Amino acid sequence: MATSVLDLFTIGIGPSSSHCVGPMRAARFFAEQMQDFGVLAKAHKIEVALYGSLALTGLGHGTNRAILQGLAGETPETVEPEKMESFLVEVESTGELAVLGHKIPFSQQEHLEYLTNEQLPLHSNGIRFSAFDSAGSELLQRVYYSVGGGFVVDGDGQPLKQTELRRPLAFPYQSAAELLSFASESGLRISEIARENERSFRSPDELETRLDEIWMVMQQCVVRGCRKQDQQTSYLPGPLRVRRRAPQLYQKLQSAPLASNGDPLSPIDWVDVFALAVSEENACGGRVVTAPTNGAAGIIPAVLHYFHRFCQGADQESVRRFLLTAGAIGILYKQNASISGAEVGCQGEVGAACSMAAGALAEVLGGSPAQVEQAAEIAMEHHLGLTCDPVGGLVQIPCIERNAMAASHAIHAARLALREDGQHRVSLDHVIEIMRQTGADMLSKYKETSQGGLSVNSIAC
């Protein structure tokens, strides 16, 4: 299966791509299947069962509201985040859910089940949808898996939605070694190889438009995350009472211009603000870009904002090259390991995003393909074994701060690689495989279940 860069960068809502974006897509697809099979008008009841990680942290991640919105016909790209809570209240108060316009009785207590001790065979993030008529006879049943980054597969592991190839890929690489080989043979940069491959999916004009839209949404997300909050909205939703930090830090930095504070590391403070702003917006269920997941959505925008604001030569075309390079690296993680915290821990989310950002920054700062590969490898090597242990099942602690730390780490990795010649002992392919193996060996309590690590050893619990 060929993966497009734009499959990794999708516009959606927080707080989680695997627990919110993917389930919303699966729910809408099931509703459309009911319609296509001619059973929607007969449906009197829909039952939804969540398994594994979805069951254990679904409430904190907003899985329930995402599924209801998806059944109602919404998509992550177009749903209005500010209306989701009122929609949920309306469903509960009326006891009805309009599934693609067809109203059926629905109660979360009766029809949405969290099977915390069960897991379906293909992935921890399993969902089973069942539709019944008024006599209780089953009309349709489907199983889906939300496998990370908003990607969804059916019960047989086949993707629900796949970008169609218009022609064979110009550079069908399956590994970083093949990617470097294509770069050497063609004389092209990593971003240029990615661009050539994207032309197998869409026209050059559409590609530029989509990349520019992604960058615009990233910028808008930072702006929203930095705006001053009133007393009611200065805390993130949920029982942890986590205060937003980006607005206050933004105000402090605005009042101390770089030229006057004498601190050469001040740009790193801005990187923190950028990452926190996006991650806090994500935690509030706001509009973000999955990059490559929502839990790690602040890293690539923060590093890209750093490049755009503080580095010479930054323009719209270099922003596109940054995103193309990041996507080219992300495809390697998607195809050869995983970007799902429920499958391999946070090394597959924050680690992969950090690796993508490091390689992309090395590219736009003039690095060779070998230096880009080295930057991506350095970034992941030092995230190996990173667990996913969200406190309270919320995408807040340690997720938000972790994005800021990883963004700075990506910049450091890129700068270190640019001082080298691209020759190093551990390859990106090797570190991706080790990440996959480490994830397979990791106990499930450290993989987005809130059953181990920080999530059960925190005073905040």
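A few points about this structure:
- Debye-sum result for the stretch 119-272 in log10 I(q)/I(0), which assumes one identical scatterer on each alpha carbon, at q = 0.13, 0.17, 0.18, 0.21 Å⁻¹: -1.06, -1.09, -1.11, -1.21
- Peptides 161-173, 276-288, 397-409 ordered by average Cβ neighbours within 10 Å, highest first: 276-288, 397-409, 161-173
- Net charge in the neighbourhood of Gly295 (other residues with Cβ under 11 Å of its Cβ; Lys, Arg +1, Asp, Glu -1) is -1.
- Here's how it looks for Val99: its modeled amide H is under 5 Å from those of Ile104, which are all 5 or more places away or on a different chain.
- Relative contact order (percent, whole number), the stretch 14-153, Cα cutoff 8 Å, 6+ residue spacing: 39
- Size of charge dipole - the chain - debye, nearest 20, with Cβ of Lys, Arg +1 and Asp, Glu -1, no other charges: 700
- Protection proxy ranking, peptides 12-20, 222-230, 386-394, average beta carbon neighbours within 10 Å, highest first: 12-20, 386-394, 222-230
- Hz values of 3J(HN,Hα) by residue in the stretch 112-125 - Karplus curve (6.51, -1.76, 1.60), Gly and Pro given as x: 10, 10, 10, 8, 5, 9, 10, 9, 7, x, 8, 6, 5, 8
- Around the amide H of Glu113, modelled in the peptide plane, lie the amide H atoms of Val48, Ala49, Leu50, all under 5 Å away and 5 or more residues distant in sequence or on another chain.
- Extension gain for Arg166 to Arg241 (0.36 nm times residue separation, less C-alpha to C-alpha distance): 22.1 nm.
- Amide hydrogen neighbours beyond the local backbone of Lys45, cut-off 5 Å, H modeled: Phe132
- Across the alpha-carbon atoms of the chain, the computed radius of gyration and Dmax are 21.7, 75 angstrom.
- Within the accessible area of the stretch 205-340 (1.4 Å probe), percent carbon and sulfur: 49
- A 1.4 Å probe run over the protein chains yields, for the chain, 40 Å² of accessible area per residue, whole-number rounding.
- Tensor-based shape of the stretch 66-148 (alpha-carbon gyration tensor, a/c under 1.5 rounded, otherwise prolate or oblate): oblate
- Farthest positive-ward along the chain dipole, Cα basis, beta-carbon charges - from Gln437, Gly422, Leu40: Gly422
- Kyte-Doolittle at least -1.0, axis length at least 27 Å by Cα - qualifying DSSP helices, the chain: 204-226, 316-336, 399-418
- Entry note, the chain: the mean residue ellipticity at 222 nm calculated from DSSP H runs of n ≥ 4, each adding -39500 (n - 2.57), is -15000 deg cm²/dmol after division by the residues and rounding to the nearest 500.
- Ligands, DNA and RNA left out, the accessible area of the stretch 1-95 computed with a 1.4 Å probe is 51% carbon and sulfur.
- Pair Lys103, Lys445: separation of 7 Å Cα→Cβ label points (nm): 4.8
- Linear extension gain, Lys83 paired with Glu138, 0.36 nm per residue minus alpha-carbon span: 16.6 nm
- Cα-centred dipole magnitude for the stretch 14-153, charges only on beta-carbon of K, R (+1) and D, E (-1), debye, nearest 20: 260
- Quotient of the Cα radius of gyration of the stretch 1-86 and 2.2 N^0.38 Å, N being its number of residues: 1.15.
- Taken along its three principal axes, the alpha carbon spread of the stretch 345-385 comes to 32, 13, 10 Å, from the longest extent down to the shortest.
- Whole-Hz ³J(HN,Hα) from phi, Karplus 6.51 cos²θ - 1.76 cosθ + 1.60, for the stretch 387-396, glycine and proline x: 7, 10, 9, x, 5, x, x, 9, 8, 9
- For the cross-link pairs Lys334/Lys447; Lys83/Lys161; Lys83/Lys228; Lys103/Lys161; Lys83/Lys447, the ones whose C-alpha atoms lie over 28 Å apart are Lys83/Lys447.
- Inverse mean reciprocal Cα-Cα distance (Kirkwood Rh) of the stretch 55-199, Å: 18.7
- Relative contact order [Cα under 8 Å, 6+ residues apart], the chain, whole percent: 18
The values are calculated or read from the model by the stated rules, or taken from the named source; none is laboratory data. Because the structure is predicted, anything quoted here is derived from the model rather than measured. In this analysis, Cβ positions are derived from the backbone assuming ideal geometry, glycine residues included, and neighbour counts consider all displayed protein chains. Surface accessibility is based on the protein's heavy atoms, side chains included, excluding ligands, DNA and RNA. Shrake-Rupley method; radii C 1.70, N 1.55, O 1.52, S 1.80 Å.
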